[in-house]
1. Mind listing whichever residues of region 13-41 are of a type in the set (Val, Ile, Thr) and modelled with pLDDT under 90?
2. Suppose we filter 156, 145, 132 for residues that are surrounded by 14 or more Cβ atoms within 10 Å (Cβ to Cβ) and among the charged types (D, E, K, R); which single one remains?
3. Among the residues of region 44-65 satisfying the criterion of being at pLDDT below 85 and surrounded by 10 or more Cβ atoms within 10 Å (Cβ to Cβ), which is nearest to the chain's Cα centre (by Cα)?
4. Go through (1) part of a helix (DSSP H, G or I); (2) at pLDDT below 95; (3) among the acidic types (Asp, Glu) for residue 70 and report which single condition fails.
5. Under 6 Å between Cβ atoms, which residue pairs at least 6 apart in sequence (or on different chains) link something in region 99-112 that is of a type in the set (Asp, Glu) with a partner that is at pLDDT 85 or above and surrounded by 13 or more Cβ atoms within 10 Å (Cβ to Cβ)?
Amino acid sequence: MDELASTAGIVALAAAFVAVGALLLAVVLALKLRRLRATQTVVLGDGRRDLVEHGARLESGFVELRDWVEESMRRLDERLGAAEERLDGSIAYSGVVRYDAYDEMSGRQSSSVALLDSHRTGVVVSSILHREQARVYVKPVRNGESEYDLSPEELEAIETALAAART
């Protein structure tokens with residue numbers, strides 16, 4: 001019986017160690033669960049919602065945010081397109097040439113100004129000054145050329161403007 005008692009004692013002792021180990025494991029897991037619930041309360045609030053409901057609310061919030069951002073980007077693209085169209089029609093290049101129209105040594109009082117947009121379209125304005133009078137001429141320009149005869153100074157003003165476009 002000593003043999004049986006010693007075997008039963010060993011088994012009982014082993015069972016006690018396993019029980020103590022299981023009890024320690026249960027205590028450790030209970031502490032970890034308590035910490036997890038405490039951090040979960042920070043995320044979920046008062047604990048009336050579960051994690052799945054919280055995840056669903058987050059997902060719907062992100063979907064709403066994504067839709068808002070996409071709509072904002074679409075409106076911004078429309079506004080940018082309209083602004084680009086307006087800018088294409090504004091003065092992008094200019095050239096000024098001053099000269100003495102009548103060779104009177106009057107200090108180059110006459111001038112021609114070319115005002116062109118990004119399509120090389122616009123006007124050339126020439127102001128011819130003489131002692132008794134002043135004349136102003138305006139000629140349209142399309143694609144860098146005019147349907148009217150241009151003076152050498154007006155051509156130079158257009159070339160000066162287009163040279164700025166190339167740089």
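1. The first filter runs over region 13-41 and keeps only residues of a type in the set (Val, Ile, Thr), leaving 18, 20, 27-28, 39, 41.
Within region 13-41, 39, 41 meet the criteria.
2. On the way: 145 fails: surrounded by 14 or more Cβ atoms within 10 Å (Cβ to Cβ); 132 fails: surrounded by 14 or more Cβ atoms within 10 Å (Cβ to Cβ).
After applying the criteria, what remains is 156.
3. Filtering region 44-65 for residues at pLDDT below 85 gives 44-55.
Subset that is surrounded by 10 or more Cβ atoms within 10 Å (Cβ to Cβ): 44-45, 49-51, 53-55.
Details: 44: 34, 45: 36, 49: 38, 50: 38, 51: 36, 53: 34, 54: 32, 55: 30 Å.
Result: 55.
4. (2)
5. none
This table checks each residue for (1) under 22 Å from residue 147 (Cβ atoms); (2) surrounded by 14 or more Cβ atoms within 10 Å (Cβ to Cβ); (3) not charged (D, E, K, R).
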| position | (1), (2), (3) |
| --- | --- |
| 87 | no, no, yes |
| 99 | no, yes, yes |
| 108 | no, no, no |
| 112 | yes, yes, yes |
| 122 | yes, yes, yes |
| 126 | yes, yes, yes |
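Yes/no matrix, rows are residues, columns are (1) without any contact (Cβ under 8 Å) to a residue 60 or more places away in the chain; (2) farther than 24 Å from residue 155 by Cβ:
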{"position": "48", "(1), (2)": "yes, yes"}
{"position": "63", "(1), (2)": "yes, yes"}
{"position": "73", "(1), (2)": "yes, yes"}
{"position": "81", "(1), (2)": "yes, yes"}
{"position": "94", "(1), (2)": "no, no"}
{"position": "126", "(1), (2)": "yes, no"}
{"position": "135", "(1), (2)": "yes, no"}
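The values are calculated or read from the model by the stated rules, or taken from the named source; none is laboratory data. Source: prediction; values computed, not measured. Cβ atoms come from the backbone with ideal geometry, glycine included; neighbour counts cover every protein chain shown.
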